[in-house]
Amino acid sequence: MKFLKYILCIPVLGLLVSCEDFLDRPPLDAIGTDSYWKTAGDLENYVMQFYPKLPSHGTGAGMPIEDANSDNMILAVANATLNGERPITTGNWIGDWDEIRSLNIFFDNYQKVEDGFDTYKHFVGEAHFFKAWFYFRLLRVYGDVPWYAKELTPGDEDLTKARDPRTLVADSVLAHIDKAIEYLDPRSDAGNSRLNKEAALAFKTRVALFEGTWQKYHEGTPFASEGADPAKYFQACVDAAEELINGSYTKGIYNTGSPDWDYYTLFGLDNMSQVEEVLLYRISNSGESMGNNVQFYTTVRTNEMGITWSLVSSYLGKNGEPYDYLGLASTTKGNAFLSQVANDCDPRLKATVWIPGDLRVASSGEVFDKPFIDKGGEEVCPTGFQVKKFSNPGSPGAGGVWGGNSETGYILFRYAEVLLNYAEAKYEMEGTVAYDALNLLRQRAGMPDFSINPQGADLNPVDYGYPVTDALYEIRRERRVELALEGQRQEDYQRWAAHGLFKGKKPLGYPFDASEFPGFTPPLDPNGLIDYFANQLPSGFQFKENRDYLDDIPQTELTLNPNLEQNPGWE
């Protein structure tokens, strides 16, 4: 345990030293490596340190607020990335490499264990997954990064190596995921709060689709890799998805036959262990000071979250055809507008946005009255489309106070995403629409089977900044609706090179009804929609497409390592 506690201190220590000092520093204290790597239990104890590093709801609004860095949501202050306002980073990136170094220590030493491989195979699979996970994060943030396959020691020339091409990094990440798939136990043995084969297969679809679309849509820009083959990554995504879809794995779509409730219910559950759709999730436990505040920020306050008109108007009508939201808004305002679209449109909309009359807190019988557009601080909903998804009126945390009283699960991977990844990659690769996969999602929501609407019939068109086929347009719409507020939208616009979705555009809200808010007058656009950033963004978001798809390399690192080159637009 002393050794494990030391390892857990590494991220803190890493904040106090330079990059080279950190990489040079001996990994262990007086115990020594030879004293530790003896049993399968040693390996299990070691890999357990990485689980807390996975995303969680945390102490804020949790997963839904992750979409505030996209065109799906705004907060009370405009997002700096979308508006091209990020400054140069003056520090270092030591914290980005803590887990990579610790995992390389694992791979350098795990074969010293004297137990049989089968007794610790699963733990090796976990280590492969985690190395892929943390490197994929670096890939998304920085693009090209140095790939380190072993622990670095003082004087190692790799301490000052140049950045490796992102294709090498992506291929290495996928290779580690393949090892994770090979070694990890299936969910039937490991459960879904611990890494398993199903989650690793889902992760592979996510990584492969990300890199394939990144290379395709950034081709010809400094963000792409010379000689990259997007089709290779699309094939990897399809292969992993088909293995999960067709294989004997624990998976499915949460569907009890209640289309008005099933999608909504899924995200507010505390215990997700028996839900086949949830391939991997993080458990919360308020009794052990490991709770979250999701219910507080969906049933009491808002944490400033406001869903945008752009997202809401992407939902189809219940007939599976584009709905005339703007036409309705010209005659129907405020609560009446919310109630009408809830009645007329895809049930996933009313599962995502609070509608007047919705039960908010079962214990008190409290219902949703109207959006908090006239409130201040973390109670305000700047758009009028207030976040409902992830709420659970029956949860002990519903209607409670701040302080980690919610135990709502955080879904890291669910089967629906795999189906969407599969459908997109399949179409990108061969122009085939995966109707069967997409219809599983439509059926849960009680919607008509997936069909291809002509873009010209869309009364609320989205502009990617380049033409797409009608089929791809609808596949992307289905993804946006199904994965709304799940933290995927930023990655989507990045990999699609789709700044056209929001650059020069204003994030608008619902049609305001002055009679519902006497004495309160928010800024409105010519159509009567709330324009919360009317003054802050008079010309819409000013994303810098020649720079903002990647973060900058911190200045201290460029000084310490002259072989590192800055990312495009940050020079």
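Hey, which lysines would be in cross-link range of Lys370, C-alpha to C-alpha under 18 Å, not counting anything within fewer than 8 residues on its own chain?
Correct list for Lys370: Lys333, Lys350, Lys388, Lys389.
Calculate the FRET efficiency for Ala457 and Asp34 from the Cβ-Cβ distance with a Förster distance of 60 Å, rounded to the nearest 0.05.
0.30
Please give me the summed charge of the neighbours of Thr521: other residues whose Cβ is under 13 Å from its Cβ, Lys and Arg +1, Asp and Glu -1.
Cβ neighbours under 13 Å give a net charge of -4.
Taking R0 as 35 Å, what's the FRET efficiency between Asp164 and Asp185 from their Cβ-Cβ distance, rounded to 0.05?
Computed FRET efficiency for Asp164 and Asp185: 0.65.
Report, to the nearest 10°, how far helix 117-142 tilts away from the longest principal axis of the Cα atoms in the chain, using its own Cα long axis and a range of 0 to 90°.
Taking the Cα atoms of the chain, the angle to 117-142 is about 60 degrees.
What is the helix-to-structure angle for 334-344, meaning the angle in degrees between its Cα long axis and the longest Cα principal axis of the chain, kept from 0 to 90 and rounded to the nearest 10?
80 degrees
Which of the residue pairs Lys112/Lys150; Lys318/Lys375; Lys38/Lys121; Lys131/Lys204; Lys53/Lys179; Lys121/Lys150 have a Cα-Cα distance greater than 25 Å in the structure shown?
Details: Lys112/Lys150 15 Å; Lys318/Lys375 33 Å; Lys38/Lys121 14 Å; Lys131/Lys204 13 Å; Lys53/Lys179 21 Å; Lys121/Lys150 20 Å.
The answer is Lys318/Lys375.
Quick check for you: with a 1.4 Å probe and neighbouring chains kept, what is the accessible area per residue of the stretch 428-571, in Å²?
So the stretch 428-571 comes to 40 Å² accessible per residue, rounded to a whole number.
How much accessible area per residue does the stretch 210-277 have, counting only protein heavy atoms and a probe of 1.4 Å, in square angstrom?
It amounts to 46 Å² per residue over the stretch 210-277.
Taking the Cα atoms only, what angle lies between the long axis of helix 415-430 and the longest principal axis of the chain, rounded to 10 degrees?
For 415-430 against the chain, the angle is about 90 degrees.
Give the Rg/Rh ratio for the chain, taking Rg as the radius of gyration of the Cα atoms and Rh as the Kirkwood radius, to two decimals.
Values: Rg = 24.0 Å, Rh = 24.9 Å.
Ratio value, two decimals: 0.96.
Using Cα centres only, tell me the gap between the stretch 205-256 and the stretch 414-440 in whole Å.
Spelled out, the Cα-based centre of one part sits 10 Å from the other.
Need the full-extension length gain, Arg194 to Glu226, defined as separation in residues times 0.36 nm minus the C-alpha distance. One decimal, nm. Kindly include the intermediate steps, with their values, before the conclusion.
Details: separation 32, 0.36 × 32 = 11.52 nm, distance 3.77 nm.
Length gained between Arg194 and Glu226: 7.8 nm.
Which lysines have a Cα lying under 16 Å from the Cα of Lys544, excluding residues fewer than 8 positions away in the same chain?
Lys503, Lys505, Lys506
Compute the orientation-averaged projected area for the stretch 279-384 from the convex hull of its Cα atoms and round it to one decimal in nm². Could you put the intermediate results ahead of the total?
Working: hull surface 36.3 nm².
Over all viewing directions, the stretch 279-384 projects a mean Cα-hull area of 9.1 nm².
Would you mind computing, in nm to one decimal, how far apart the modelled labels at Met290 and Trp261 are, each placed 7 Å from Cα along Cα→Cβ?
Spacing of the two 7 Å Cα→Cβ label points: 3.0 nm.
Below 8 Å, C-alpha to C-alpha, sequence gap of six or more: please give me the relative contact order for the chain in percent.
On the way: 1059 pairs, mean separation 118.2, N = 571.
With pairs under 8 Å counted, the relative contact order is 21 percent.
Before anything else, pin down the relative contact order of the stretch 142-183: Cα pairs under 8 Å, at least 6 apart, normalised by residue count, whole percent. Walk me through the numbers before you get to the answer.
Values: 22 pairs, mean separation 18.4, N = 42.
After rounding, I find 44 percent.
Val353's amide H: which non-local residues (gap 5+, or another chain) put their own amide H closer than 5 Å, with H modeled 1.01 Å from N in plane and none for Pro or chain starts?
Residues meeting the criterion, in which the H sits 1.01 Å from N, are Lys388, Lys389.
Using the heavy atoms of the protein chains alone and a 1.4 angstrom probe, what is the accessible area of the stretch 105-194 per residue in square angstrom? Before the final figure, lay out each step's value.
Details: 3460 Å² over 90 residues.
On a per-residue basis, 38 Å².
Given a 1.4 Å probe and every protein chain left where it sits, what share in percent of the accessible area of the chain is carbon and sulfur?
The nonpolar share, carbon plus sulfur, comes to 50 percent.
Quote the relative contact order of the stretch 104-189 in percent (integer), defining contacts as alpha-carbon pairs under 8 Å separated by 6+ residues.
Rounded, it is 44 percent for the stretch 104-189.
Please report the net charge: other residues with Cβ closer than 13 Å to the Cβ of Thr331, K and R +1, D and E -1.
Surrounding charge for Thr331 is -1.
Could you check the simple spin-label distance between Asn271 and Asn563, using points 7 Å along Cα→Cβ, in nm with one decimal?
5.4 nm
Using a Förster radius of 25 Å, what is the FRET efficiency between Ser539 and Thr90 based on their Cβ-Cβ separation? Nearest 0.05, please.
0.30
Net charge within 12 Å of Pro259 by Cβ-Cβ distance, Lys/Arg positive one each and Asp/Glu negative one each, not counting Pro259 itself?
With Lys, Arg at +1 and Asp, Glu at -1, the neighbours total +2.
How many nm separate the modelled label positions at Lys53 and Glu430, each set 7 Å beyond the Cα in the direction of the Cβ?
3.8 nm
Taking only DSSP H segments of four or more residues, each worth -39500 (n - 2.57), what value at 222 nm results for the chain once the sum is divided by all its residues, to the nearest 500 deg cm²/dmol? Present the calculation step by step, with values, prior to reporting the outcome.
Working: 20 runs with 218 residues, N = 571.
Value at 222 nm, helices only: -11500 deg cm²/dmol.
The values are calculated or read from the model by the stated rules, or taken from the named source; none is laboratory data. Quick caveat, the model's predicted, so the values are computed rather than measured. Backbone-built Cβ (ideal geometry, glycine too); neighbour counts: all protein chains shown. Quick note on the areas: whole protein, heavy atoms, side chains included, nothing else; ligands and nucleic acids left out. Shrake-Rupley method; radii C 1.70, N 1.55, O 1.52, S 1.80 Å.
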